[in-house]
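Comments concern the structure below.
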Amino acid sequence: MKKLLLILLSALFIVSCAKTKKETPVAKEESTKKPNIVVIYLDDLGYGDLSAYGATELQTPNIDALANGGVKFTNGYASSATCTPSRYALLTGMYPWKNKRAKILPGTAPLIISTEQQTLPKMLKKEGYDTAIVGKWHLGLGSGMVNWNEKVTPGPNEVGFDESYILAATQDRVPTVYIKDGHVVNLDPNDPIEIDYKNNFEGQPTGKDNPELTTMKWHHGHNSSIVNGIPRIGYMKGGDAAKWVDIDMADHFLAKAQAYVKSHKEKPFFLYYAMQQPHVPRTPHPRFAGKSGMGPRGDVILEADWCIGEFVKTLEEEGILDNTLIVFSSDNGPVLNDGYYDDADTKIGKHTPAGVLRGGKYSLFEAGTRMPFITYWKGQIQPGVSDALVCQMDLLASLAKLVGTEESSTDSKELLDAFLGKSDKGRENLVIEATSRTALRSGDWIYIPAYGGKPLNTQVNIEVGNSDVPMLYNLKDDLSQKNNLAEANPEKLKELHEKFVKLRGD
Ligand code: NG6
Ligand code: CA
């Protein structure tokens, strides 16, 4: 009995110690610790691709949990309607049309961010953050012709990331290998990698000449080297042991992102988790193949949603979810057939990847750049919907404020309160870009100057926003951009044109 009492008493003592320990300055220190920041970035996900944004034919419960538990932006923009420029703006806070090289890049392109330039990871690093990228890069590597068998530099590690685990360009472009801190993973020195975007290497099969070797058929482009049965853009020889397995890519990047979180939870970290879904080639893991009933595009969206659920679970299990700000978005709007016959268009059914928006990837119409855009921070951000006009480019200045510094040397606008759901005030103006053409969003209006060229890109079946006459839409009344008010409203047209010219500086 005495013994039992003793045990009970000591147990009580331990419990009370643990309790007081929690309430000591350690806890205080923890609560004032700078939050971890994670940017989860999808590739070609449209405004209407998530159930939280109105999709009914697809369920994305894990992303919905972020949207419904955080701020769901209805006017959140990528800077551009293609990948490279949007990623450039996200990381540098600069309008991509100010850099002529910020266009869809081949896998051999040199790095387009100057190592002198300010970047989001650099700014955070200076404020004490550990920084990493896992996933798609597509901002060029090296400074001329890259030798993939040596250290590939400069790259992400030279523009602010302490650690990088990337795919160089896109899943449909060679080299089809992972690169860790500048080194091709699993490279066998006896089987060196050679890459060429113009000429094939002698004797190497191609999608064009050897359709019998392909398991996915090309529709336009994508008829060069064949890797894992998938014909790609660009020619590649060697590096067999290093080639990625497409169906494992999502799991692979997820595991890297989770491992990063687990090993960096003691210090504030910034993780840029740049997922490859639902860009082509869409290669769901067999666990997800056929699950959406919509073909591989729907399947990889479900796969991405699952990955995000697992990733958030890891943050929770590691006890850092409530000290982590998660920003979710996509680099550009949706496309169904982006170069492969993969049933994305034939099996789409009633699903509308762009929601009610007009256009898609490559387009100056809204679907090109208006993105699902979510900020989530458990216990800190009150759930809500925000109509504030925000751009991914604004994260640099806004996150600078969050971590206690200032960043005013770029085009990035400090909109921290909007991102934290404390204010509905966003930008007044935003110049959006699509394949080197630009347009001006100003208040509720959008002005798209007249651009020659075909209005419809027939290969991808998307209205890209070319027109012989200028276009002016009031997005408040006409979100689907059906009524061009340019003729009826010449004053507004003039006002926006002048603003546009001024902002463009040309
Ligand atoms: C295009 C590709 C397209 C896709 C895109 C880049 C062809 C015909 N089309 O040139 O499939 O790879 O580039 O997409 O090659 S992005 O999301 O990275 O911008
Ligand atoms: Ca993209």
Checklist entry - Looking at Pro154, Pro296, Val464, which one has the Cα that reaches farthest to the positive end of the dipole of the chain (charges on Cβ: Lys, Arg +1; Asp, Glu -1)? => result Pro154
Checklist entry - How big is Rg to Rh over the chain, alpha-carbon atoms, Rh as the Kirkwood inverse-mean-distance radius? => result 1.01
Item to check | Candidates per GluC sites (Glu not before Pro) in the range 374-415, loop by DSSP, up to 12 other Cβ within 10 Å | outcome: Glu406
Checklist entry - Using θ = phi - 60° and the Karplus form 6.51 cos²θ - 1.76 cosθ + 1.60, what ³J(HN,Hα) does each residue of the range 106-113 get, whole Hz, x for Gly and Pro? => result x, x, 9, 5, x, 4, 9, 8
Next on the checklist: If I require 24 Å or longer along the helix axis, counting alpha carbons, and a Kyte-Doolittle average no lower than 0.5, what helices from the chain are left? Use full DSSP H segments.
Outcome noted: 2-23
Checklist outcome for this item: Honestly the range 436-504 on the Cα gyration tensor test (a ≥ b ≥ c root eigenvalues; a/c under 1.5 rounded, otherwise a/b vs b/c for prolate or oblate) is just prolate
Item to check | Listed residues Thr131, Thr56, Ala89: farthest to the positive end of the dipole of the range 54-131 (Cβ charges) | outcome: Ala89
Checklist outcome for this item: Percent of all alpha-carbon pairs of the range 151-287 at distances over 17 Å, whole number, is 63 percent
Checklist entry - Just how far, in whole angstrom, is the range 28-92 from the range 181-222 if you go by their alpha carbon centroids? => result 33 Å
Next on the checklist: Placing unit charges on C-beta atoms (Lys and Arg positive, Asp and Glu negative, everything else neutral), compute the dipole magnitude of the chain about its Cα centre in debye, rounded to 20.
Outcome noted: 940 debye
Checklist entry - Roughly speaking, what is the centre-to-centre gap between the range 419-446 and the range 243-284 when only Cα atoms are used, to the nearest Å? => result 30 Å
Next on the checklist: If you build the convex hull over the alpha carbons only and average its shadow over all orientations, what do you get for the range 94-229? Give it in nm² to one decimal.
Outcome noted: 9.7 nm²
Checklist outcome for this item: Residues whose built amide H sits under 5 Å from the amide H of Leu45, excluding neighbours closer than 5 in sequence, are Asp331, Asn332
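What is the packing order of peptides 418-428, 251-261, 143-153, taking the mean over residues of other C-beta atoms within 10 Å and listing the highest first?
Details: 418-428: 18.4, 251-261: 19.9, 143-153: 15.4.
The densest-packed peptide leads the list: 251-261, 418-428, 143-153.
Since every read-out is calculated from the coordinates, none of them should be taken as a lab result. Note that the structure is a prediction, hence the values are computed from the model and not measured. Cβ coordinates were reconstructed from backbone atoms using ideal geometry, including for glycine residues, and neighbour counts include every protein chain displayed.
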